[in-house]
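Engineer: Let me give you the structure first, and then I'll get to my questions.
Derivation of every value follows stated rules applied to the coordinates shown; laboratory data play no part. Given the structure is predicted, the values throughout are model-derived calculations rather than measurements. Heads up, the Cβs are rebuilt from the backbone with ideal geometry, glycines too, and the neighbour counts pull from every protein chain shown.
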Amino acid sequence: MSKSNMDIKYLLLSILIGIITLSTLDSCYKERLKIHKFSGGSWNPEMAVPLFFGKLDMQMVVDKSEDYWYEDPNGLLSIVYRSEQITQVGNNVIDIPNQQFDSTVSLLLPIGLPTGDSALYLFQLNAEFAPPTNERFDSILIKEGDFIIEISTNINHDSYVDLIIPDFTRYGVPLKQKIDLPYSGSSPTTVTKTISLADYWVKINTNGDIDNKISEFINVLIKKGNQADNSPYSISLSQEIKNITYYQLFGYFDQYTVDIDLQKIDISMFNHSAIFDASLEEAMLKLNFSNSFGIPVDITFDSLYVEKDGGTKDITSNLLPTFSINYPDINNVGYSDSTIIIFNQDNSNIVDVINFFPQKFFYSGSSTANPLGDVIPNFVVDTSKISIQTEVEIPLYGRYIVYELTDTTSINLENEYNWEEINSIDVNFNTVNHFPFDASMQIYLTDTNYIVIDSLFSDIVPLTEAAIPGPPPEYRVSIPEYYTVTASITNQRLQNLKYAAHMIVSGKSSTYDSGTKVVKIYSDYSIDFQVSMKVNYNTDF
Amino acid sequence: MRKIYTYTLIILSLITLWSTKLMAQYDLGFYSMRAVPQTNLLNPAFIPDYKFHFGAPTISSTYTGFGTSGPKYDEILMITPGDSLGLNTNGILNNLESNNNVINRNTNQWLYGGMKWNDFYFSASASDITDVNVLYSDKIIQLALKGNSQFIGETIDLDPLDIKALHYREYALGVAWDVNEKLNIGIKTKALFGKSAIYTENVDLELSTSEKYYNLGIKSNFVINTSLPDFMGDSAINWVEYMQSDANFGLGFDIGATYKLNRLWNLSASILDIGYINYDRYLKTYTSNTEFTYKGIDATQFIGLDDEQIEDKMTEITDSLINLFDITESSEVFRVPLTAKIYLGVDYQFSDKETLGVLFRFEVFKNTVQPSFTASYYRDLGDNFKVSASYTIINHNYLNFGLGIIANFNPLQVYIATDNIIGVISPHTVNYGNIRFGINFIFQKDYKKLPMIEL
């Protein structure tokens, strides 16, 4: 065999061996690597993640609460429940009755008065203003009202009447009204005139004269016609003031009484029906009367009590039942004067009443004007009123134990999650508590019949511990309390979630040292909370 | 003099043995197979003993190699009871080192040729190269597979996490000079055209999980550069356009030298792939530089909201969580350095047909030197066959027995070589495996005097 032939054989053999080797390797790789048989795997991580956090401070509670809050200069918070009642306003309390003045004057024409000449006559009348019994109206600034004048005469010539009332002024100008009495050929001649008294000052008793008289001046002018002189003539004046309302009324209005209707204030902080053991150290009932009647007034309370679940408790005090309130003097017409009556632990049983944990507060009574009957100058304006602002102020100062608060929620988690893939969950509840009270919680899972099938913890456990209050009288917390509690839930217990129909959250809380120590709640207190979770997860993919 | 060589060898060996356990791309036993012209790729001073040669188009030299310093294939995957293949998380976790890498390199030489002219040897080649280096820490795998609860109370550094994945076309021109009887020097210059790339810079990731609260502290500082052509979207290109693209230009060069100490001893050294590629097409750069602590969702923001408002709020929160990472997308031109390699070799030719060789190789990736040591035996079995056997220590792995075969059938040359024969037979059981295969047409110096093959 030639060398060339040997080369070719070796070449072909080499290539053949190479191809067989590569093919074998390729098929071997496929079989050995089995990459076409890859079916996935199992993933079993344990993740530790923060879920949520937050900070609840008293400012947030104050801002979002429907209750009213008061913060004293030291930051001590009080819950304040308020109401306001307003009595009837001035015109509805002091009424000015309609007034009627009737008078007649007679006159003679001068003898021989030539036709075409005139004769002038001047009369003064004193109309009497008649207030209600025992009342006196000195002056009135009229808002609305009518002055109706009806004149009837038998004068058989053209004539007119000028009516001038100096005590009726508008913008300083006395009331003056000319009324023509034209002769129509037959007698008597009757003319009616209506004058609006809006914005007139009516002065009845001035300069120390208390006679309820109004002076009127009447000028009568008769122009002699061709008719015969049938003197003596008469002129009858019928005057009526009616439908008077006023801006201001001065005088003396005697004694009168206005009812203070039954008023109710809800005290929501005691609405929860949980078993509640608490002792509040301070409380205050504040009544703020604002009086813009220029009249001495006495307030008398018929009822002043609180109510809880149908039971009542009266507020007693040496200030009750009647006390006087201030009123503005003549120099402060249109203004009000206030009187604050405070019921506290020194002058009343208010602390006992608050520790009754009332849900409602009631009061009713009346106000009496000029209670002593002394005739002194009074005034009233159209907006005069007595307002009663009531505040029940409860400082957050005391101790409490809430034995149990529960809340039930319906749940259906059967199809929500693939619980089989979770091996276990550890949930950490972390708190940094500045409040001098603790909180405990338990979550129960029940079936449709409310039979407990599992609970989050083995027992009700603290979620947060109370911070230690400082010494009295501030009782201020300076160091917060750090606390962590962990709930461990196994896969077996997670399965219970599938069958749970209700979740009952049960909570307890008490002030420091199991509710035996007095604390105060300041506006800068807060609680930081954070919930984190460690979950062991196993899934096939 | 001999003592100096001996000490040098001992020091280099110790460096290899005590080096960091990272896998280098390697092509070691092939270094001694000088009868194959492509050894010039490993040292541009090597001058094949042929007047001229050229490779069979597309198959003149095909190389594929893989490696991992972490878990092996059969440690990552396992046979399940149903005879399917499943992920073996315990196998992965039990075989992690603190720092791990995964490498893959594929070279396909489209064209190759060379010729001698007086004392010079010229060569030229065109190749496509994919080079993937991924460096990762055990922490990131532990975190992904077992979660973060194992690190509660700790701050873990997820570094290193580096990726360099390149595909580029290399046009190389080389020249070697037979300076004198003892010294050869050579250089090869390369024009490079990047096809695609993923390249990370400044990856700095930290995760902390606090006690009880499990607050997650995240520090993220990274730049991920990509040049990935769009094959699917509106501005998609096809594969032909992709392969013919002349964008993303780069330059590289190799240098080498050989020195013949005496009749028996030869020294050689080379530095390969010094250079870079500038990527300026199909760019997307993802940047993050943020540090934050996630404490959960602020529950107080839900107070007073109705169901619809809560849903809106949750959407808002989800968006804000994503935005916490502050990952910005831009288009930034980036430069990728080639993975440089250093070869230092000593040959002892104890007969005309037998050579013993020792080779130290160092690869530089992300400021990390990854060394290896190879001892080889080369035997010329006659005109037609030559074989090489090698033993390599790399990454504290001592069971790497290589084999190379050269079959010459003038002018045809077929060769195949591997550094780990077990890796070829059973790749799923080894950390490393590679194979080089090719066909050349070689023409001896006195080719005209050789008889033609009778077909």
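Engineer: Summing +1 for each Lys or Arg and -1 for each Asp or Glu, what net charge is found among the other residues whose Cβ lies under 10 Å from the Cβ of B:ARG436? Spell out each step's value before the answer.
Structural biologist: Values: positive: none; negative: B:ASP27, B:ASP419.
Value of the local net charge: -2.
Engineer: Per residue of region A:297-305, in order, report the coupling 6.51 cos²θ - 1.76 cosθ + 1.60 (Karplus, θ = phi - 60°) as ³J(HN,Hα) in whole Hz, putting x for Gly and Pro.
Structural biologist: In residue order, the calculated couplings are 9, 10, 10, 10, 9, 7, 9, 7, 8 Hz.
Engineer: Could I ask something else about it? In chain B, once you exclude exposed chymotrypsin sites (Phe, Trp or Tyr not before Pro) (DSSP loop, at most 15 other Cβ within 10 angstrom), what's the longest stretch remaining? Working shown, then result.
Structural biologist: Working: sites that count: B:PHE231, B:PHE325, B:PHE350.
Result, exposed sites excluded: B:1-230.
Engineer: Of all GluC sites (Glu not before Pro) in region B:153-186, which ones are in loop regions per DSSP and have a Cβ with at most 14 other Cβ atoms within 10 Å?
Structural biologist: Values: sites: B:GLU154, B:GLU170, B:GLU181; in loops: B:GLU154, B:GLU181.
Hits after loop and neighbour filter: B:GLU154, B:GLU181.
Engineer: Around B:LEU77, which amide H atoms from residues at least 5 apart in sequence, or from another chain, sit under 5 Å from its own amide H, with H modelled in the peptide plane?
Structural biologist: Distant-sequence amide H within range of B:LEU77: B:ASN88.
Engineer: How far apart, in nm, are two points set 7 Å out from the Cα along the Cα-to-Cβ line at B:THR189 and at A:LYS213?
Structural biologist: Rounded to a tenth, the inter-label distance reads 13.7 nm.
Engineer: Please list 3J(HN,Hα) in residue order for region B:140-147, calculated via the Karplus relation 6.51 cos²θ - 1.76 cosθ + 1.60 where θ = phi - 60°; whole Hz, with x for glycine and proline.
Structural biologist: 5, 6, 4, 5, 5, 8, 10, x
Engineer: Can you list the lysines whose alpha carbon is less than 23 Å from that of A:LYS176, not counting same-chain residues fewer than 8 positions off?
Structural biologist: A:LYS143, A:LYS193, A:LYS203, A:LYS213, A:LYS223, A:LYS242
Engineer: To continue, here is another question. Check cross-link reach from B:LYS182 to the aspartates and glutamates: straight Cα distance under 19 Å, and skip same-chain residues fewer than eight apart.
Structural biologist: Straight-distance partners of B:LYS182: B:ASP49, B:ASP119, B:ASP347, B:ASP352.
Engineer: What FRET efficiency do you get for A:ILE340 and A:TYR403 if R0 is 41 Å and r is their Cβ-Cβ distance, rounded to the nearest 0.05?
Structural biologist: 0.60
Engineer: Using Cα atoms only, what is the angle between the long axis of helix B:307-324 and the major principal axis of chain B, expressed in degrees (0 to 90) to the nearest 10?
Structural biologist: Tilt of helix B:307-324: around 30 degrees.
Engineer: OK, next. In degrees between 0 and 90, to the nearest 10, how far off the longest principal axis of chain A does helix A:3-33 point, with axes built from Cα atoms?
Structural biologist: Once rounded, one gets 50 degrees.
Engineer: Next up: Round to a whole angstrom and tell me the spacing of the C-alpha centers of region A:56-86 and region B:268-291.
Structural biologist: If you average the Cα positions of each part, the centres end up 65 Å apart.
Engineer: Helix-only estimate, please: 222 nm mean residue ellipticity of chain B, summing -39500 (n - 2.57) across DSSP H runs of length 4 or more and dividing by its residues, to the nearest 500.
Structural biologist: Numbers: 7 runs with 65 residues, N = 455.
The helix-only estimate for chain B comes to -4000 deg cm²/dmol at 222 nm.
Engineer: Partner chain Cβ atoms within 10 Å, averaged over the residues of A:54-63 - can you pull that number for me? Numbers along the way, then the final one.
Structural biologist: On the way: counts 8, 3, 3, 1, 0, 0, 2, 0, 0, 0.
That works out to 2 on average.
Engineer: With each pseudo-label sitting 7 Å past Cα toward Cβ, what's the A:ALA278-B:ASN367 distance in nm, one decimal?
Structural biologist: So the two model labels end up 6.5 nm from each other.
Engineer: Let me ask another. Can you pull out the chymotrypsin sites (Phe, Trp or Tyr not before Pro) in region A:166-219 whose DSSP state is coil and whose Cβ has at most 10 other Cβ atoms within 10 Å? Could the numbers behind the result be given before it?
Structural biologist: On the way: sites: A:PHE168, A:TYR171, A:TYR183, A:TYR200, A:TRP201, A:PHE217; in loops: A:TYR171, A:TYR183, A:TYR200.
The qualifying sites are A:TYR171.
Engineer: Count neighbours as other Cβ atoms within 10 Å of each site's Cβ, and list the trypsin sites (Lys or Arg not before Pro) in region B:353-437 that are DSSP loop with at most 15 such neighbours.
Structural biologist: On the way: sites: B:LYS353, B:ARG361, B:LYS366, B:ARG379, B:LYS386, B:ARG436; in loops: B:LYS353, B:LYS366.
For trypsin sites (Lys or Arg not before Pro) across region B:353-437 that sit outside H, G, I, E and B with at most 15 neighbouring Cβ atoms in 10 Å, the list reads B:LYS353.
Engineer: Ratio to report: Rg/Rh of chain A, with Cα atoms as the point set and Rh obtained by the Kirkwood method; give two decimals.
Structural biologist: Taking Rg over the Kirkwood Rh, I get 1.43.
Engineer: Also: So what's the net charge close to B:ALA197: Lys and Arg +1, Asp and Glu -1, counting the other residues with Cβ under 13 Å from its Cβ? Let's see the in-between values first.
Structural biologist: On the way: positive: B:LYS164, B:ARG169, B:LYS195, B:ARG281, B:LYS284, B:ARG335; negative: B:ASP131, B:GLU201, B:ASP280, B:GLU332.
Neighbour charge sum, excluding B:ALA197 itself: +2.
Engineer: For the pairs A:LYS534/B:LYS146; B:LYS212/B:LYS313; B:LYS164/B:LYS284; A:LYS286/A:LYS517, flag any whose C-alpha to C-alpha distance is greater than 18 Å.
Structural biologist: As for pairs spanning more than 18 Å Cα to Cα, those are B:LYS212/B:LYS313; A:LYS286/A:LYS517.
Engineer: Compute the separation of the alpha-carbon centres of region B:41-99 and region A:272-336 and state it in Å as a whole number.
Structural biologist: 94 Å
Engineer: In terms of modelled amide H atoms, which long-range or inter-chain residues lie less than 5 Å from the amide H of A:TYR247?
Structural biologist: The list, which skips near neighbours in sequence, is A:LEU141, A:ILE142, A:LYS143.
Engineer: With Cβ to Cβ distances under 15 Å as the rule, what net charge do the other residues near B:PHE151 carry (K, R +1; D, E -1)?
Structural biologist: Details: positive: A:LYS534, B:LYS139, B:LYS146, B:LYS212, B:LYS219; negative: A:GLU46, B:ASP138, B:GLU154, B:ASP157, B:ASP159, B:GLU206, B:GLU211.
That sum, taken over residues with Cβ under 15 Å, equals -2.
Engineer: Going by a ≥ b ≥ c, the root eigenvalues of the Cα gyration tensor, does region A:98-252 fall in the rounded group (a/c under 1.5), the prolate group (a/b larger than b/c) or the oblate group?
Structural biologist: Working: a/c = 2.58, a/b = 2.37, b/c = 1.09.
The shape class here is prolate.
Engineer: Something else now. Got a sec to turn the phi values of region B:261-275 into Karplus ³J(HN,Hα) couplings, 6.51 cos²θ - 1.76 cosθ + 1.60 with θ = phi - 60°, whole Hz, x for Gly and Pro?
Structural biologist: Along region B:261-275, the couplings run 5, 7, 5, 9, 10, 10, 10, 8, 8, 8, 10, 10, 6, 9, x Hz.
Engineer: Give me, ordered by chain and number, the residues 5 or more places off A:SER231 or on other chains with an amide H under 5 Å from its own placed amide H.
Structural biologist: Long-range HN contacts for A:SER231: A:LEU109.
Engineer: Calculate, in nm to one decimal, what B:ILE303 and B:LEU381 gain on full extension: separation in residues at 0.36 nm each, minus their alpha carbon distance.
Structural biologist: Details: separation 78, 0.36 × 78 = 28.08 nm, distance 8.75 nm.
Gain on stretching B:ILE303 to B:LEU381: 19.3 nm.
Engineer: Would you give the gap between the C-alpha center of region A:107-180 and the C-alpha center of region B:155-204, rounded to a whole Å?
Structural biologist: For region A:107-180 versus region B:155-204, the Cα centre distance is 125 Å.
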